[in-house]
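> Below is a structure I'd like to ask you about.
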Amino acid sequence: MLQSGCAECKVYVCRTGHLEEAPETCPMCLTGVVDTRATYSAEPVRQMARVSAQIEAAGYTRWNRVEETIELANRLGYKRLGLAFCSGLREEARILNRILVANGFDVVSVACKTGSIPKEELGLADVEKVRPGTYEAMCNPVGQARVMNEAQTDLNIVFGLCVGHDSLFIKHSEALVTCLVAKDRALAHNPIGGVYCAWGYYHDRLYGGHRQP
Ligand code: SF4
């Protein structure tokens, strides 16, 4: 049974403006909920939304995500960037740090293991570690966010934080957050690969045995 919602829409009239053809389940039928003009009329939301849209058009299919992130920060006049990285991507984080510095930014980079709090303090048993029998520090996204809040960063970049840890980082960051790398250890940090292959290689794993037409 398919759930209703935008993902199952057949008309996408929100893209064309022919709103009279919107289906009954369309969020636009919820009067006032998706009409967010009042929110976008106030700064800093207005500026972020406007500049994001300008970048979308200016570099469409040409600028990669690193370039877009730099462009976003430049156009917004941001000088201090937070780089919240996974320690498993420390080599890549060093490269990005140098790229950002070369582009004139002041970078506050913080690794996920900062604080070095043992996983046992979260209630994890030794067998639940990645490598049982060894010292494993928990990822500390709240700590990463706190360092960046203290440094009053203008924009924070998620760089390969684990699923869930990224949620905590975003929740605790005072600055707006953008994701540059979404962690996916199985697919070279290219999580949409799982979706692209859901019709075939990953079908049974992802649909839990519910065969799709
Ligand atoms: S907003 Fe309405 S028209 Fe647009 S995709 Fe969702 S259901 Fe379809």
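> Per-residue ellipticity at 222 nm for the chain, helices alone: DSSP H runs ≥ 4 residues times -39500 (n - 2.57), over residue total, nearest 500 deg cm²/dmol? Show your work: numbers first, answer last.
On the way: 9 runs with 75 residues, N = 213.
After summing the helix terms and dividing by residue count, I get -9500 deg cm²/dmol.
> Scale the Cα Rg of the chain by the rule-of-thumb value 2.2 N^0.38 Å and send over the ratio, two decimals. Please report the intermediate quantities before stating the final value.
Working: Rg = 20.7 Å, N = 213, 2.2 N^0.38 = 16.9 Å.
The reported ratio for this selection is 1.23.
> Can you give me the long-range amide H partners of G82? Hydrogens built in the peptide plane at 1.01 Å from N, cutoff under 5 Å, separation of 5 or more residues or another chain.
V108, D154, L155, N156, I157
> May I pose another question? At R0 = 22 Å, how high is the FRET efficiency between A7 and Y202 if r is their beta carbon distance? Nearest 0.05 is fine.
Numbers: r = 18 Å, r/R0 = 0.83.
Computed FRET efficiency for A7 and Y202 comes out at 0.75.
> For segment 188-212, list residues with backbone N below 16 Å from a point placed 7 Å from the Cα of E91 toward its Cβ?
188-189
> Also, quick follow-up: Give, to the nearest whole percent, the P(r) tail of segment 79-182 beyond 22 angstrom, counting all Cα pairs.
Working: 1565 of 5356 pairs.
Of all Cα-Cα distances in segment 79-182, 29 percent exceed 22 Å.
> Each residue of segment 147-154 in turn: what ³J(HN,Hα) in whole Hz from Karplus with 6.51, -1.76, 1.60 and θ = phi - 60°, glycine and Pro shown as x?
4, 5, 5, 4, 7, 6, 5, 8
> Sticking with this structure for a sec: Which of the peptides 184-196, 201-213, 145-157 is most tightly packed, and how do the rest follow, judged by the mean count of other Cβ atoms within 10 Å per residue?
On the way: 184-196: 12.4, 201-213: 9.8, 145-157: 19.5.
Descending packing order for the listed peptides: 145-157, 184-196, 201-213.
> With a cap of 14 neighbouring Cβ atoms within 10 Å, and only residues DSSP puts in a loop, list the trypsin sites (Lys or Arg not before Pro) found in segment 1-83. Numbers along the way, then the final one.
Details: sites: K10, R15, R37, R46, R50, R62, R65, R75, K79, R80; in loops: K10, R62, K79.
Of the trypsin sites (Lys or Arg not before Pro), the ones in loops of segment 1-83 whose Cβ has at most 14 other Cβ atoms within 10 Å are K10, R62, K79.
> Springs between alpha-carbon atoms under 10 Å, Gaussian network over the chain: tell me which of G88, G77, G160 tops the mean-square fluctuations.
Looking only at G88, G77, G160, the largest GNM fluctuation is found for G77.
> Could you compute the FRET efficiency for R98 and E67, with r as their C-beta to C-beta distance and R0 at 22 Å, rounded to 0.05?
0.90
FYI, it's all coordinate maths here, none of it is from the lab. Nothing here was measured: the structure is a model prediction, and the numbers come from that model. Positions of Cβ are generated from backbone atoms using ideal geometry, with glycine treated the same way; all protein chains shown enter the neighbour counts.
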